[in-house]
1. Among the residues of segment B:159-200, write down those that are over 16 Å from B:T145 (Cβ atoms) and among the β-branched types (V, I, T).
2. Given the conditions (1) assigned to a helix (DSSP H, G or I); (2) closer than 17 Å to B:L81 by Cα, which single one is not true for B:G188?
3. Between A:L29, A:L46, A:L42, A:L38, which is facing another protein chain (nearest Cβ under 7 Å), more than 29 Å from the chain's Cα centre (by Cα) and under 14 Å from B:K47 (Cα atoms)?
4. Could you go through segment B:32-54 and let me know if any residue there is in contact with a helix residue (DSSP H, G or I) (Cβ under 6 Å, 6 or more places away or on another chain) and part of a loop (DSSP other than H, G, I, E, B).
5. Look at segment A:1-26 and say how many of its residues are open to solvent by 60 Å² or more (accessible area, probe 1.4 Å), at the interface with another protein chain (Cβ under 7 Å from one of its Cβ atoms) and part of a helix (DSSP H, G or I).
6. Kindly check whether there is at least one residue in segment A:85-103 that is at the interface with chain B (Cβ under 9 Å from one of its Cβ atoms) and either of a type outside the set (G, A, S) or under 30 Å from B:L70 (Cα atoms) (or both).
2 protein chains.
Amino acid sequence: MKISSLETLVLYLSKLPGLGPRSARRMALHLLKRREGLAYPLIEALKSAADTIKECSLCGNWDEEDLCSLCRSETRENYLLCVVESVADLWALERMGSYKGAYHILGGTLSALDGRGPEDLKIEALVRRIKESQFEEIILALNATIEGQTTAHYLKEYISQNAASNLKITHLAYGVPLGGELDYLDDGTLMTALKERRFF
Amino acid sequence: MKISSLETLVLYLSKLPGLGPRSARRMALHLLKRREGLAYPLIEALKSAADTIKECSLCGNWDEEDLCSLCRSETRENYLLCVVESVADLWALERMGSYKGAYHILGGTLSALDGRGPEDLKIEALVRRIKESQFEEIILALNATIEGQTTAHYLKEYISQNAASNLKITHLAYGVPLGGELDYLDDGTLMTALKERRFF
């Protein structure tokens with residue numbers, strides 16, 4: 001039996017992250033009920049993004065132009081460099097809005113399990129960039145996961161030895177998240193929050 | 001500032017059911033990382049479905065042709081008619097695979113709250129269809145929600161009075177779902193399962 005265009009649509013939708021077959025079917029029905037208002041505009045938006053968005057050759061951000069709008073901007077604080085794992089992390093920091101420095105996207109973390117070594121991340125490009133620029137501080141804003149932290153420690157050593165030994169290298173503070181209830185926190189977070197306690 | 005094609009894409013993705021801004025961003029990144037393998041094929045599939053899929057004028061199913069493949073089929077048991085709320089429910093019954101009769105999609109339920117009366121559902125078309133066909137049994141396979149059940153009761157009366165008074169009208173069995181643990185069931189289900197108990 002021939003596969004209908006509807007089945008093909010459900011098949012591709014079910015490959016999107018977080019969607020199983022059921023939610024893909026639901027989404028297909030939702031789209032086909034709203035063709036003028038949603039399906040055709042989404043086709044246009046997806047085509048336009050897929051045709052134009054590229055990776056910034058300096059920081060790794062995604063934008064319609066290379067360099068990206070953040071790297072082109074003349075109002076950013078160019079003595080600060082924030083190293084993140086992914087574009088999504090860069091977006092999170094930009095939404096937060098109070099960081100105005102530059103970014104460098106690693107493209108992942110070191111992972112023995114997944115076979116990702118230093119050569120798979122944009123580490124050489126980072127070192128080169130640090131050498132060629134006048135950064136005063138490198139903020140390693142990696143995820144607070146085992147792999148993120150391993151990568152951060154590796155980067156700290158590697159940057160000190162290969163780029164600049166006198167550079168400030170920092171990481172984000174760890175502790176109780178705002179709104180967090182102690183009873184619901186994992187032991188690791190609680191332990192860190194206690195160890196890193198501050199004066200009122 | 002001009003809205004980039006990436007922001008437009010995230011905007012439309014976030015209008016899909018079950019997606020908030022965060023999952024829409026995640027999905028946009030996922031799509032743009034897999035342009036050849038996913039984004040462009042999805043564009044094609046969505047465009048093809050949006051251009052070709054239409055509602056079957058007889059049962060309300062969605063297909064590339066009118067009548068739909070179920071209504072065109074000559075191997076279905078044409079003495080059985082199953083009334084469902086939506087295309088998604090029809091698909092669920094078809095996946096189950098053991099029902100081989102015809103379908104009629106109502107397009108929703110009666111709802112005083114949402115202001116949906118009988119004239120908003122395909123009830124007249126259902127009555128007309130019953131009069132013109134030789135169905136022996138009408139299965140009201142509506143959801144086991146208050147609104148689904150209200151609609152089923154309304155339909156039972158309406159069909160008896162306006163289409164055929166001697167027709168078998170049935171509904172799906174209610175009870176403990178297979179794999180269900182009594183401790184986790186709601187009282188209503190448990191009460192129904194007890195009341196409708198069967199001999200071994």
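The values are calculated or read from the model by the stated rules, or taken from the named source; none is laboratory data. Just so you know, these numbers come straight off a predicted model, no measurement behind them. Neighbour counts run over all protein chains shown; Cβ positions are idealised from the backbone, glycine included. Areas reflect the complete protein model, heavy atoms only, side chains present, ligands, DNA and RNA absent. Shrake-Rupley method; radii C 1.70, N 1.55, O 1.52, S 1.80 Å.
1. Listed by number, the residues that qualify are B:I159, B:I169, B:T170, B:V176.
2. Going through (1) assigned to a helix (DSSP H, G or I); (2) closer than 17 Å to B:L81 by Cα one by one, B:G188 breaks only (2).
3. A:L29
4. Scanning segment B:32-54, I find at least one residue that is in contact with a helix residue (DSSP H, G or I) (Cβ under 6 Å, 6 or more places away or on another chain) and part of a loop (DSSP other than H, G, I, E, B), so the answer is yes.
5. Going through segment A:1-26, the residues open to solvent by 60 Å² or more (accessible area, probe 1.4 Å) turn out to be A:1-3, A:7, A:11, A:15, A:18, A:21-22, A:26.
From the residues that got through so far, the ones that are at the interface with another protein chain (Cβ under 7 Å from one of its Cβ atoms) too are A:15, A:18, A:26.
Next cut, part of a helix (DSSP H, G or I) only: A:26.
Number satisfying all stated conditions: 1.
6. Yes, there is a match, as at least one residue in segment A:85-103 is at the interface with chain B (Cβ under 9 Å from one of its Cβ atoms) and either of a type outside the set (G, A, S) or under 30 Å from B:L70 (Cα atoms) (or both).
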